[in-house]
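The values are calculated or read from the model by the stated rules, or taken from the named source; none is laboratory data. For clarity, every value in this text was computed on a predicted model and none was experimentally measured. Because the Cβ atoms are built from the backbone with ideal geometry, glycine has one as well, and the counts that use them run over all protein chains shown. Side chains included, ligands, DNA and RNA excluded: accessible areas come from the protein's heavy atoms. Shrake-Rupley method; radii C 1.70, N 1.55, O 1.52, S 1.80 Å.
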Amino acid sequence: MSQTPTFPTLRPRRLRLQANIRRLVQETTLSPADLIYPLFIRPGRDISRPISSMPGQFQWSVDRLAVEVKELAALGLPAVILFGIPEIKDATGSDNSNPAGIVPQAIEAVKDAAPDLVVISDMCFCEYTDHGHCGLINTAGHDHYDPRLPEGYLLNDATLAMLGRASTVHAEAGADIIAPSGMIDGMVAGIRSALDGAGLSQVSIMSYAAKYASAFYGPFREAAESPPSFGDRSQYQMDPPNRREALKEVAIDVAEGADILMVKPAMPYLDILSDVRQAYDLPLAAYQVSGEYAMIQAAAANGWLDLRRTALESLMAIKRAGADMIVTYFAKDAAAWLE
Ligand code: PBG
């Protein structure tokens, strides 16, 4: 019987002896080309308002974008994802479909300043509705009211029509990729057919395919001014205990024509990322969300963690689990660190 070699023949530490050997056997790499930087855009002029729960992140007015995005492009970042804070919020989030709205203005400003930067538009209604939910809400007395559904229920199919309209407006303004983030059933198919119907078949869809109802979005609510005024998002976002269900959600979005899949959040959901990577060949994104960023920043501010090493390790871990690209508030710093 042949003996499988083991210690002392096998010594894995040999391959860790010097930096260049470690580089040769490094299995995962991280580069600025993997990173997507989120930008929050608000009305007004000459504004870069710090987001207190996300040190180093700002809400920008459109006129301040040019300088920022030129820097991002110069750092080698390939893409930004835009979140708009509109002037007016109403029950139907109508400003999301306004061709002169905050995101269309921002898209044009980014494209003017940095034409090669890929512009992704986060497609959701939570920033645009006065109730802060991600679509149309079943409300007694309103046109869409359906007495068979509970008061406060997010009306799925009416929301799909709104998503189609708003996506077309953002794509007409120059968005390269539409990223529906509301976990509305049928959102990818609805947006695809709206875009194609408007002659925008070249525009891609990056679907937040497996997005969980997560407490890690806490700081984002301040950044995007989008907290729900009642209830939470558990009617439409996934329940954190569910793993197999993520593959069902992803399968549906693949069938509906998603070009890029996303798992969100990232670090607490690396099992989901790995599952999706193994099951699908489509490009896969992960969103390192506001709470993940805030935790690392807070620990670093206390001197408990090394900011740079921890941030880069977190990004590497997300890539190792299977992400091709990462939406992260660390994108700008990481691109500079990776130079
Ligand atoms: C919805 C959206 C959210 C985030 C991205 N898109 C908030 C939510 O679903 O409640 C969260 C991002 C983050 O926490 O960094 N438009």
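With ALA171, ALA189, ALA161 as the choices, which residue is buried (at least 22 other Cβ atoms within 10 Å of the Cβ), farther than 16 Å from LYS211 by Cβ and over 17 Å from the mean Cα position of the chain (by Cα)?
Values: ALA189 fails: buried (at least 22 other Cβ atoms within 10 Å of the Cβ); ALA161 fails: buried (at least 22 other Cβ atoms within 10 Å of the Cβ).
Among ALA171, ALA189, ALA161, only ALA171 is buried (at least 22 other Cβ atoms within 10 Å of the Cβ), farther than 16 Å from LYS211 by Cβ and over 17 Å from the mean Cα position of the chain (by Cα).
Tally time: how many residues in the stretch 235-262 are under 18 Å from the mean Cα position of the chain (by Cα) and either among the polar types (S, T, N, Q) or in a helix (DSSP H, G or I) (or both)?
6
Look through the stretch 26-50, keep the residues that are touching a residue at least 24 places away in the same chain (Cβ under 8 Å), more than 16 Å from the ligand (Cβ to nearest atom) and aliphatic (A, V, I, L, M), and return whichever of them is most open to solvent (accessible area, probe 1.4 Å).
Our first condition is that a residue be touching a residue at least 24 places away in the same chain (Cβ under 8 Å); within the stretch 26-50, this holds for 27-43.
Restricting the remaining residues to those that are more than 16 Å from the ligand (Cβ to nearest atom) gives 27-34, 43.
Restricting the remaining residues to those that are aliphatic (A, V, I, L, M) gives 30, 33.
Working: LEU30: 25, ALA33: 68 Å².
Ranking the qualifying residues of the stretch 26-50, first place goes to ALA33.
Those residues that are assigned to a loop (DSSP other than H, G, I, E, B) and small (Gly, Ala, Ser), I need them from the stretch 117-153; list them, please. Don't jump to the end; show me each part of the working.
The initial filter retains those residues of the stretch 117-153 that are assigned to a loop (DSSP other than H, G, I, E, B), namely 117, 124-128, 130-136, 138-153.
Correct list: GLY132, GLY135, ALA140, GLY141, GLY152.
What are the residue pairs meeting all of these: first residue in the stretch 152-166, first residue over 15 Å from HIS133 (Cβ atoms), second residue open to solvent by 10 Å² or more (accessible area, probe 1.4 Å) and not in a helix (DSSP H, G or I), Cβ atoms under 8 Å, and 6 or more apart or on different chains?
These pairs meet every condition: ASP157/GLY186.
From the list ALA209, ALA246, pick out the single residue that is open to solvent by less than 20 Å² (accessible area, probe 1.4 Å), among the hydrophobic types (A, V, I, L, M, F, W, C) and in contact (Cβ under 8 Å) with a residue 60 or more places away in the chain. Don't jump to the end; show me each part of the working.
Numbers: ALA246 fails: in contact (Cβ under 8 Å) with a residue 60 or more places away in the chain.
Unique residue meeting the criteria: ALA209.
How do the pairs read when you match residues in the stretch 217-231 that are more than 15 Å from GLY182 (Cα to Cα) and in contact (Cβ under 8 Å) with a residue 12 or more places away in the chain with residues anywhere that are more than 8 Å from the ligand (Cβ to nearest atom) and β-branched (Val, Ile, Thr), using Cβ under 8 Å and keeping only pairs 6 or more apart or on different chains?
Final answer for the pair search is PRO219/ILE51; GLU222/ILE51; ALA223/ILE51; GLU225/ILE85.
Looking at ALA215, ALA179, which one is open to solvent by less than 30 Å² (accessible area, probe 1.4 Å) and within 16 Å of the ligand (Cβ to nearest atom)? Let's see the steps before the verdict.
On the way: ALA215 fails: open to solvent by less than 30 Å² (accessible area, probe 1.4 Å).
On inspection, the qualifying residue turns out to be ALA179.
Please enumerate the residues belonging to the stretch 218-234 that are near the ligand (Cβ under 10 Å from one of its atoms), outside any helix (DSSP H, G or I) and either under 18 Å from the mean Cα position of the chain (by Cα) or crowded, with 23+ Cβ neighbours inside 10 Å (or both).
SER226, PRO227, ARG233
Search the stretch 263-304 for residues being under 9 Å from PHE216 (Cβ atoms) and part of a helix (DSSP H, G or I), and hand back the single one that is nearest to the ligand (Cβ to nearest atom).
SER290
Taking GLY199 as the residue in question, decide whether it is part of a loop (DSSP other than H, G, I, E, B) and over 19 Å from the mean Cα position of the chain (by Cα).
Values: part of a loop (DSSP other than H, G, I, E, B): yes; over 19 Å from the mean Cα position of the chain (by Cα): yes.
So GLY199 passes the test.
List pairs: first residue in the stretch 301-312 and closer than 16 Å to ASP333 by Cα, second residue at pLDDT 95 or above and among the hydroxyl-bearing types (Ser, Thr, Tyr) anywhere in the structure, Cβ distance under 9 angstrom, at least six positions apart or on different chains.
Pairs that qualify, where the first residue is closer than 16 Å to ASP333 by Cα and the partner is at pLDDT 95 or above and among the hydroxyl-bearing types (Ser, Thr, Tyr), are ALA311/TYR293; ALA311/THR328.
Whether any residue in the stretch 164-181 is farther than 30 Å from TYR280 by Cα and in a loop (DSSP other than H, G, I, E, B) is what I want to check.
yes
Which is out of contact with any helix residue (DSSP H, G or I) (no Cβ under 6 Å at 6 or more places or on another chain) and closer than 19 Å to ILE177 by Cβ, of ALA113, ALA73, ALA100? Full working, then the answer.
Working: ALA113 fails: out of contact with any helix residue (DSSP H, G or I) (no Cβ under 6 Å at 6 or more places or on another chain); ALA100 fails: closer than 19 Å to ILE177 by Cβ.
After ruling out the rest, the residue left standing is ALA73.
Which residue pairs have Cβ atoms under 7 Å apart, sit 6 or more places apart or on different chains, and have a first residue in the stretch 1-25 that is of a type outside the set (D, E, K, R) and a second that is open to solvent by less than 100 Å² (accessible area, probe 1.4 Å) and in a loop (DSSP other than H, G, I, E, B)?
Short answer, once both residue conditions are applied: LEU15/VAL25.
If only one of THR328, THR310 is closer than 17 Å to LEU270 by Cβ, modelled with pLDDT of 95 or more, of a type in the set (Val, Ile, Thr) and open to solvent by 10 Å² or more (accessible area, probe 1.4 Å), which one is it?
THR310
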